[in-house]
Each structure stands twice: as C-alpha cells, then as structure tokens.
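The values are calculated or read from the model by the stated rules, or taken from the named source; none is laboratory data. In this text, all values refer to a predicted model and were calculated from it rather than measured experimentally. Using ideal geometry, Cβ is built from the backbone for each residue, glycine included, and neighbour counts are taken over all protein chains shown. These area figures cover heavy atoms from the full protein model, side chains too; ligands, DNA and RNA do not enter into them. Shrake-Rupley method; radii C 1.70, N 1.55, O 1.52, S 1.80 Å.
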Amino acid sequence: MIKTVKTVDLKDQRVIMRVDFNVPMKDGVVQDDTRIVAAIPTIKYILAQGARTLTLMSHLGDPAKDAEKAKAKAEKDGKPFDYDKYIKGKHRMAPVAAYLQKKLGKNVTVVFAGEDGCKGKKDFIDSQKPGTVIMLENTRFHKEETSKDPKELDKLAKALAEYGDIFVNDAFGTAHRDQASTASIAKFVPVSVAGLLMEKEVNYLEPIVTNPKKPLIAIIGGAKVSSKIAVLESLLKNSSALVIGGAMAYTFLKAQGKKIGKSMVEDDQIETANSILEAAKEAAVEIVLPVDHVGAEKFDAASKPVAVNNVNIPDNLIGMDVGPKTIALYKKVLATAKTIVWNGPVGVFEFDAFAKGTEEVAKLVAETTANGVITVVGGGDSVAAVNKFGLASKMSHVSTGGGASLELLEGKKLPGIEVTRVRDCYIAGNWKMHMTRSESAALAKALVKALKGGKHKYMVAPSFTAIHAVGEVIAGSNMLLGAQNCAAEEEGAHTGEVSVLQLKDLGVKVIILGHSERRHTYKEDDDLINRKVKLALKHGFEVILCVGETLEEREKGKLITVIKRQTEKGLVDVSEADISRVTIAYEPVWAIGTGKTATPENAQAAHKFIRGVIAKLYGELAAKQIVIQYGGSVKPENAAQLMAMEDIDGALVGGASLKAETFAPIAKF
Ligand code: PGA
C-alpha cells in the first residue's frame with residue numbers, strides 16, 4: 001500500500017514536492033500543459049490544508065545532453081549555436097513557474113527560486129509568506145540528479161531535503177527513475193508520501209498486474225517486440241486474451257509462418273515470439289493477431305492504402321494498419337472484458353490514411369468504459385492516439401507516464417513509488433484439515449460479509465476439497481483464495497499430491513509453504529520447501545513461507561540459527577523481482593494450536609531478525625517492504641497488541657480463523 005498526502009497533517013508544514021513538469025517547450029513557451037494541469041489537484045490540496053510553504057521541483061529535458069545534440073546538429077548544418085539562448089528556450093523553469101501562476105490564479109503566489117540552481121534556497125523559501133508556492137530551477141542542471149553513484153545522488157538529495165518536513169512525490173512520469181529528487185530525497189526527509197496524481201496512477205495500473213477485475217484483456221501494440229517482451233510476459237499471468245497489434249504483430253505472424261511482405265519485422269525476435277505464443281497456449285490465454293491488413297508500397301504518409309483481405313501480405317506491400325475483419329474480431333473479443341489495458345497503437349496512426357485501426361480500437365475501448373468496464377490507457381503513443389481522436393475523457397484512466405506506466409505493467413517496482421510504500425497489514429486464515437465443503441462455503445459467506453470494508457489484506461486457505469466452493473463464494477470480495485500446500489512437481493505420477501497448475505485452475509492466488517505441520521509431522525525439509533516456493537512463484541502465486549523454532553530448539557538457544565536457516569534455504573534462487581510476492585510467517589512451533597502465544601516483545605525480536613536476514617539477501621528496500629506475519633495462537637484478545645509491534649505486519653491464524661466471530665475481530669482489529 002502506498003502512503004498518500006491525504007494521510008498526513010500538512011498544517012504549517014513545509015512541503016517539498018516532486019512534480020513532472022517536463023513539458024515540451026519552444027522558445028520559452030509551454031507547448032502542452034497536460035502534465036502541469038495533472039499536478040494542480042495535489043498543489044491545491046496541499047495549500048488548502050494550510051501548508052506553510054510548498055516547494056516544487058522538476059526536471060525539464062536534460063540540459064547537458066540536449067544541448068550537446070543541438071550543438072552537433074547546428075554544426076552539421078553549418079549554423080551558429082547560442083548555448084544560453086538554447087537553454088533559456090527549452091530548459092529554464094521560470095516560464096513554467098509563470099505558467100503555473102496563471103493556472104492557479106491570483107489567490108496563490110508562485111515565486112521562482114532563481115536560475116542559479118536548486119541548492120542553498122532554504123533561507124529564500126523560509127522567508128516567503130505562508131501559503132507560497134516556490135518553483136525551483138530544473139533539477140537536471142545539477143549533474144548529481146541523474147548520477148549512478150549513490151553518494152552523488154545523496155549530495156543533491158540532502159540539499160533538497162532541507163526545504164521540507166514532508167516529501168510528496170507526484171511525478172508519476174519520472175517514478176521509474178532512481179534519482180536524487182525522485183527517490184534519494186526520501187532518505188533525508190522525515191515523511192514521504194504520494195501525491196493525488198501518483199495515487200490515481202498506482203490505483204489504476206497496479207491492480208492490472210496484482211489483482212485485476214477479470215476477465216482482463218490487454219491490447220499491446222507498437223513497433224517492437226523487443227521493447228514489449230516484459231510487458232507481454234507480465235500480462236500473460238492475468239489476461240484472458242492478449243491483442244497484439246502494430247508492427248510487432250508482423251514478427252508474431254512471421255513466427256507462425258505467415259507471409260508479411262515488406263513489413264517491419266525483428267528477425268532476431270522470432271524465437272521470443274514463439275515462446276510467448278507457447279506460454280500463452282499453456283496458460284490458456286487467447287492471442288489475437290491481425291487477420292487482415294491495410295498495406296502500402298512505401299512507408300509514407302502520402303502512400304495509397306491497399307486493402308489486404310487475408311492474413312498473408314503480398315511481397316510488394318508493407319503492413320501499415322489492421323483491416324476491417326480484424327476490427328470486427330477486436331469488437332468480439334473486447335466485449336468479454338471487465339478490465340481493458342491498452343499500450344501501443346495497432347497501426348501507423350500518425351499517418352491519417354493508416355489511423356483507422358487505432359481509431360476504432362480507441363472507440364471500442366471508450367464504448368466499453370461506458371458499459372462499466374475499467375479501461376486504462378498507458379504509454380506515450382496510445383495516449384497520443386486517444387488525445388488525437390478526442391477520446392481521452394471517455395477512458396477510466398489515461399496515464400501521464402510512458403516509461404513509468406510500462407514498467408508498472410511489467411510488474412516492476414518503481415523507485416519513486418516504492419519510497420512512499422508502507423507495508424500491508426496482512427491477515428490470513430489457515431483452516432487446516434477442518435470443515436466439509438458446505439461448512440467451508442458457509443464460513444466464507446459469513447466472512448465476505450464481516451470483512452467488507454476491512455482495511456487490511458485478507459486471505460483464507462481452506463482444505464483442498466473446499467477450495468473450489470470457497471473460491472466461488474469469495475469471488476469479487478476483498479479476500480484472496482489460498483492453498484495450504486502444493487506439490488514440488490508440476491505434474492505427473494504423484495499419488496496424493498496437488499499441483500500448482502491445478503491450484504491455478506481453481507483460482508488460488510496464495511500458497512502457504514513450509515508450515516510447521518508440514519516440516520515436523522510430514523518431514524518436509526528446507527530443500528523440498530524451497531523447490532515448492534520456486535515453483536509457486538514461477539507460476540505467479542504469492543507465497544507465505546513459514547519459519548519457526550520448536551520448544552527444544554528455543555530452549556537450546558537455537559532460535560536465531562533455525563529461523564535464519566529456514567529463511568535463507570527457503571529462498572535459495574528466489575529472484576529480487578519475485579521476493580515481492582513472498583510473505584514470511586514467523587510461527588514458533590510451540591505456540592501453534594497450543595494457546596501459548598509469544599509475547600509481543602519476543603515475537604518482535606524474531607521478526608526484526610528475519611527482516612535483517614532479508615536485508616542481507618535482497619537489500620534494505622526489499623527488507624523494508626517484506627510483510628512478516630506472526631502465527632501461533634493469535635486470538636481477538638492478543639491480535640492488536642501483537643500487530644502494534646513495529647516489525648509484525650499481520651497474522652497467520654489457525655484455530656481462531658475457523659469462526660467468523662473470532663476471525664473478523666482479528667481481521668478488523
Ligand atoms: P493457530 O495456528 O492460530 O491455531 O495457533 C496458526 C497456524 O498454524 O498457522
């Protein structure tokens with residue numbers, strides 16, 4: 001969960017906010033104010049809460065790199081190059097400050113802090129009247145801003161941190177950059193939160209990867225397969241269909257043995273295309289490729305469009321757009337969606353003669369929005385397309401970020417977002433070998449009602465025999481479906497086992513692994529548990545990895561050795577990307593089902609230790625973010641006390657999860 005500006009008291013506070021005012025400029029005039037306008041709600045909100053000062057910082061192009069390019073071009077063309085004039089026209093923030101002043105009106109004062117850079121402005125800022133907005137010069141005039149050296153980043157970050165008691169990051173478009181003003185600053189400011197724009201972006205984009213309203217259909221277009229591999233792989237996990245358009249479709253068609261004429265193709269990506277097609281088949285995700293085309297003899301806006309009525313493109317033509325049969329197919333496929341995400345045009349929409357396919361997609365997506373489908377458009381070109389066709393306001397959400405929205409859809413962690421993240425409180429019920437199918441369904445029904453509106457993250461793990469029934473009851477609720485174990489093999493002759501593929505088929509999202517009853521009664525060792533963890537993660541599940549010492553181990557002083565070993569060995573070969581889907585449950589074996597609970601202080605010490613182990617394996621940020629549940633006789637009476645401890649982020653509940661009357665108070669503590 002990210003922490004937002006709405007959760008902090010801003011009265012009389014000095015706020016330093018990163019915005020994305022990287023707007024196109026010409027001769028010192030703002031050419032497109034979309035990004036400025038997008039930040040205004042947060043600016044107004046902060047001022048309305050009575051902030052003492054609001055200092056804004058942003059980059060505006062990259063002065064050093066851009067000037068070098070412009071100079072080289074001028075030299076090539078034999079023209080003179082005036083550095084100061086160039087920089088003034090394109091990279092100075094003063095005109096942006098003036099523009100913002102106009103937008104905010106007379107009741108707000110916007111001052112520009114000067115062309116001499118972003119450092120040393122504390123006295124200037126503190127001398128302003130309460131409620132003043134201060135705009136700093138372009139952060140990228142400081143080479144530290146984009147440095148790869150953390151020490152350099154910290155130097156500028158520290159200077160910027162002096163201007164605020166609270167850091168607000170509202171610069172979604174730059175959230176994928178690990179830079180001084182987007183991320184490092186959070187180390188030196190007491191509180192870091194997301195702005196309203198950032199919150200909206202995350203709220204629309206993140207669930208597409210983590211928990212979309214299904215069926216999810218993704219439309220991915222654009223020129224290159226190579227730039228979209230990660231997003232295709234990520235979207236395969238949750239989509240029922242992937243619509244692939246744009247020039248990258250020709251690489252897929254060629255991989256299928258179709259004729260693509262002179263169309264753009266990446267021959268070195270044919271294998272990748274094949275493996276994506278294969279993975280889609282395995283995951284039962286429909287891949288929708290063009291079935292007809294609009295071609296041209298030359299890649300030119302003035303070229304005459306030629307209809308190609310079937311999937312094969314003649315040798316003399318370049319594929320430029322999708323044809324009418326394909327659009328009809330899109331219409332049929334999109335009609336089944338509850339969520340649509342669109343990244344990348346399906347044709348050369350910049351040329352009017354070849355814009356029809358993309359325009360029709362924009363219209364179809366807009367229509368589904370009107371029917372209650374969640375529609376999210378991300379990525380520079382598709383955003384440009386919906387703007388061109390005047391349909392932006394008809395979508396649920398049009399992202400302000402190109403690279404940032406793509407990386408979020410790839411399932412990546414974005415530095416500018418992560419600095420505002422706080423750990424979820426995660427309450428899970430482990431029903432063990434209890435209850436019949438109908439009893440389980442009845443409990444699930446009671447929980448759906450009781451946990452409605454609950455603020456934490458919830459999961460229930462019924463017995464295998466009841467998973468299907470419980471899944472049907474909790475569909476669409478705020479509870480995730482869990483399983484208590486899985487086989488270490490994908491399939492085959494394994495009498496008595498249940499595979500990850502079977503669990504996925506039932507809609508299971510989370511698997512509990514290494515529970516003490518599995519370790520001690522069924523003799524599962526660290527190696528077996530690790531194999532299960534890796535397999536579950538490979539198939540897109542979240543995992544709860546249980547660790548904990550027996551009474552004997554505790555009494556012999558082996559607590560630390562045991563939980564360190566179980567954590568490390570359980571996570572062998574688990575990647576940095578996958579650790580975000582792992583929760584650790586610290587469950588002292590002597591406390592499970594015995595009525596004996598660890599004291600909050602003892603449990604806290606163990607949790608802190610486990611967090612330290614994660615820090616060594618995956619770094620400080622991952623350690624800060626991993627959720628560590630406590631398990632072992634959690635009851636309504638002790639839940640709040642345990643969860644109040646700094647490193648205890650929730651609970652894995654056994655006995656008390658078997659009744660709504662005892663689980664609900666824990667879950668809603
Ligand atoms: P308990 O079980 O709450 O009954 O102690 C916890 C667990 O085994 O996960």
For Thr210, Thr55, Thr109, the accessible-area ranking with a 1.4 Å probe, largest leading, is Thr210, Thr109, Thr55
Taking a probe of 1.4 Å, how large is the accessible area per residue of the chain, in Å²? 44
Which of rounded, prolate or oblate describes the chain when judged by the alpha-carbon gyration tensor and an a/c cut-off of 1.5? oblate
When the helix-only estimate is applied to the chain (DSSP H runs of n ≥ 4, each -39,500 (n - 2.57), divided by the residue count), what is the mean residue ellipticity at 222 nm, nearest 500 deg cm²/dmol? -11500 deg cm²/dmol
Could you tell me which chymotrypsin sites (Phe, Trp or Tyr not before Pro) in the stretch 23-123 are loop residues by DSSP with no more than 14 other beta carbons within 10 angstrom of their beta carbon? Phe81
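Mind ranking Arg581, Arg177 by accessible surface for me, highest first, 1.4 Å probe?
Per-residue accessible area, sorted high to low, gives Arg177, Arg581.
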Extension gain (nm, one decimal) between Ala335 and Thr436, 0.36 nm per residue minus Cα-Cα: 32.6 nm
Probe 1.4 Å - accessible area at Arg565, Å² to nearest ten: 100
Long-range HN-HN contacts of Thr4 with modeled amide H, under 5 Å: Ala194
Can you tell me, using C-alpha contacts under 8 Å and at least 6 residues apart, the relative contact order of the stretch 409-550 as a whole percent? 19
Which residues qualify? For Gly429, with a placed amide H closer than 5 Å and at least 5 residues away or on another chain, they are Met459, Val460, Ala461, Val653
Suppose a student asked you for the relative contact order of the stretch 375-491, using Cα pairs under 8 Å spaced at least 6 residues apart; what percent would you report? 20
Rounded, prolate or oblate: which fits the stretch 391-451, taking a ≥ b ≥ c as square roots of the Cα gyration tensor eigenvalues, rounded meaning a/c under 1.5, else prolate when a/b beats b/c? prolate
Counting alpha carbon pairs within less than 8 Å and at least 6 residues apart, what relative contact order, in whole percent, applies to the chain? 9
Restricting attention to the alpha-carbon atoms of the stretch 526-661, what are Rg (one decimal) and Dmax (integer), both in Å? 14.5, 41
Evaluate E = 1/(1 + (r/R0)^6) for Thr495 and Lys69, where r is the Cβ-Cβ distance and R0 equals 51 Å; express this FRET efficiency to the nearest 0.05. 0.15
Figure the gain on full extension for Lys558 and Lys452 (residue separation times 0.36 nm, minus the Cα-Cα span) and round it to one decimal in nm. 34.0 nm
Please tell me which of these pairs span more than 25 angstrom C-alpha to C-alpha: Lys65/Lys102; Lys3/Lys608; Lys237/Lys259; Lys449/Lys509; Lys331/Lys413? Lys65/Lys102; Lys237/Lys259; Lys331/Lys413
Treat each spin label as a single point 7 Å out from the Cα along the C-beta direction, and report the Lys88 to His520 distance in nm. 7.8
What order do Trp342, Trp590 take when sorted by accessible area (1.4 Å probe), most exposed first? Trp590, Trp342
Loop sites in the stretch 613-669: GluC sites (Glu not before Pro), DSSP, at most 14 other Cβ within 10 Å: Glu646
In whole percent, how big is the carbon plus sulfur part of the accessible area of the chain, probe 1.4 Å, protein atoms only? 53
